[in-house]
Amino acid sequence: MALILVVEDEKLLRWALEQQLARAGHSVVSAPDLATAATHLAAAQPDVVLLDLGLPDGHGLDFYESNRERLEGSVVIVMTALGQVGEAVRAMKLGALDFLTKPVDKADLVALVERSLHVRGDRLEAQASRRYREQTLAQTVIGDSPAFRRVLELAEQVAQSEVGTVLVQGESGSGKNVVARHIHACSARRDRPLLEVSCATIPENLLESELFGHEKGAFTDAKAVKRGVFELAEGGTVVLDEIGELRLDLQAKLLHFLEERRFRRVGGTREIVVDVRVVALTNRDLAAMVRDRTFRGDLFYRLAVFPIDMPPLRERTTDILPLARHFLATLQPKLGRRFDGFDRAAENLLLANSWPGNVRELRNVIERALVVERGARISEHSLRLDAGAAAAPEPGPEPAALPPGIVPLEEMERELVRRAMQAAGDNQTRAAELLDITRDQLRYRLKKFDMRHDD
């Protein structure tokens, strides 16, 4: 469903357009003049604007020209009388998608609106992809330890090669995404899209559509054709985060894609061929998962064409202070604070910590210190390195005594989730299967019990 603004002064035609578009499933607001149109435009951004030219308080194209910036996110369709060729040409130059000749044919109207929504979707996806690419490629790679230099050397070597699949393995928070973006930035694909997908956070029933796209009518909510990330990233790079969470049937489809570089959208019959590099990230032991039959062996070997092992921060101790200073410099403007670095005791404390949460934990510690520090430099007292520990709860009333052998339901549920995750080697998909629930239901309980296992 789209929001459509109809600007037409003829009452009967305006009513007919409203009815036709509403029957097609769209939300419609209408305006008999330009002043009312401006009011609607200020209240909400329409997806599509049907714009008449001759209106009581001005010319439609003058309105379009004066509101081009506000209409940048909308698709404009101009309605003209027969023979207004010059006006139609001017409308096209201003950026209108197309024009409809009065009297407006119902089938033409609905078809043109549908096409305009596809065009708008493509524009928004292209803009988002461009902004995201510019943002991620602008990131600075921090680290000069021998272990990290070796990782960067491997990343740059594979970036300049024709290898189409890379596997980056490492602990949670160690910076695998940074390596993936560095591979893209150093490659000939740098000017093409870089798209990232988390295989753990997208609901299972949507992940296939997110990766491969779907055809209109492929399932209940498939109101229009959707292009997946493999198609949108043509010529660029797709990063598949938490690849170990991919369910087995999607593993088979991904394997086929990696081998053939072609796929079909969900509900489609036409094969689509694309040229993308796939960088898979994981903090799981995929080899162990293969032995446990929770991850396909053939997919593992296809992904591991060029493996890169990301060292944990505790093995990159010479990178700790440069990273801390980088986070200090980049977070200060966002939080409106300014400091003259770290004092010696704070630096020693940072170097002495084992950083089980790796670079992500370091960033979180620095961000908290920026908030609580009141001196000119960050001191050791503002570096709460056990920030993840929960505060002890206030003592409350004693619970009612339970009969022997009775365990509170929530406690039993927590223990079942813990045992399932342990038996599945922390693989959420496998643990959900053991509990006979969906992965989304499992993730809800992991969050509820503060037992989340994020990559």
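The values are calculated or read from the model by the stated rules, or taken from the named source; none is laboratory data. Values in this document were obtained by computation on a predicted structure and should not be read as measured data. Because the Cβ atoms are built from the backbone with ideal geometry, glycine has one as well, and the counts that use them run over all protein chains shown.
Output yes when any residue across segment 96-108 is modelled with pLDDT of 85 or more, surrounded by 13 or more Cβ atoms within 10 Å (Cβ to Cβ) and either touching a Phe, Trp or Tyr at 6+ places or on another chain (Cβ under 7 Å) or part of a helix (DSSP H, G or I) (or both), and no when none is. Scanning segment 96-108, I find no residue that is modelled with pLDDT of 85 or more, surrounded by 13 or more Cβ atoms within 10 Å (Cβ to Cβ) and either touching a Phe, Trp or Tyr at 6+ places or on another chain (Cβ under 7 Å) or part of a helix (DSSP H, G or I) (or both), so the answer is no. Every condition in (1) over 17 Å from L100 (Cβ atoms); (2) among the small types (G, A, S); (3) modelled with pLDDT under 90 holds for S74 except the one numbered (1).
Being under 19 Å from S145 (Cβ atoms) and of a type in the set (F, W, Y) is the filter here, so list the residues in segment 312-341 that pass it. Correct list: F327 only.
Scanning segment 127-179 for residues that are within 14 Å of I308 (Cα to Cα), hydroxyl-bearing (S, T, Y) and either modelled with pLDDT of 95 or more or loosely packed, with under 13 Cβ neighbours inside 10 Å (or both) yields a single hit, T165. Taking segment 307-337 as the range and being in a helix (DSSP H, G or I) and basic (K, R) as the test, the residues that pass are R314, R325, K334.
Residues that are part of a strand (DSSP E or B) and at positive phi within segment 237-255 are absent altogether. Within segment 82-90, is there a residue that is in the same structural domain as V110 (by TED's automatic domain parsing) and within 37 Å of the chain's Cα centre (by Cα)? No - not one qualifying residue is present in segment 82-90. Checked against the criterion of being in contact with a strand residue (DSSP E or B) (Cβ under 9 Å, 6 or more places away or on another chain), in a strand (DSSP E or B) and crowded, with 17+ Cβ neighbours inside 10 Å, the candidates L17, L51, L61, L21 yield just one match: L51. Residues in segment 415-436 that are over 18 Å from T201 (Cα atoms) and free of Cβ contacts under 8 Å to residues at least 60 places away in the same chain: E415, L416, V417, R418, R419, A420, Q422, A423, L434, L435, D436. Just one of (1) part of a loop (DSSP other than H, G, I, E, B); (2) of a type in the set (D, E, K, R); (3) out of contact with any Pro (no Cβ under 9 Å at 6 or more places or on another chain) fails for E234. It is (3). Return the total of residues in segment 363-381 being in contact (Cβ under 8 Å) with a residue 24 or more places away in the chain and either surrounded by 13 or more Cβ atoms within 10 Å (Cβ to Cβ) or not in a loop (DSSP other than H, G, I, E, B) (or both). Qualifying residue count, segment 363-381: 10. I183 meets the conditions (1) assigned to a strand (DSSP E or B); (2) modelled with pLDDT of 90 or more in every case but one. The failed one is (1). Of the listed requirements (1) out of contact with any Pro (no Cβ under 6 Å at 6 or more places or on another chain); (2) in contact (Cβ under 8 Å) with a residue 60 or more places away in the chain; (3) crowded, with 16+ Cβ neighbours inside 10 Å, D309 misses just one: (3).
Does L281 count as at pLDDT 95 or above, among the hydrophobic types (A, V, I, L, M, F, W, C) and under 25 Å from N358 (Cα atoms)? Answer is yes for this residue.
Filtered by the rule that a residue be surrounded by 23 or more Cβ atoms within 10 Å (Cβ to Cβ) and part of a loop (DSSP other than H, G, I, E, B), segment 209-227 gives a lone residue, G213. Name the single residue that is nearest to the chain's Cα centre (by Cα) among those in segment 67-81 being over 21 Å from G121 (Cβ atoms) and free of Cβ contacts under 8 Å to residues at least 40 places away in the same chain. Residue satisfying both the conditions and the ranking: N67.
Could you check, for segment 283-293, whether at least one of its residues is within 18 Å of E196 (Cα to Cα), small (G, A, S) and either within 19 Å of the chain's Cα centre (by Cα) or part of a helix (DSSP H, G or I) (or both)? So far as segment 283-293 goes, no, none of its residues is within 18 Å of E196 (Cα to Cα), small (G, A, S) and either within 19 Å of the chain's Cα centre (by Cα) or part of a helix (DSSP H, G or I) (or both).
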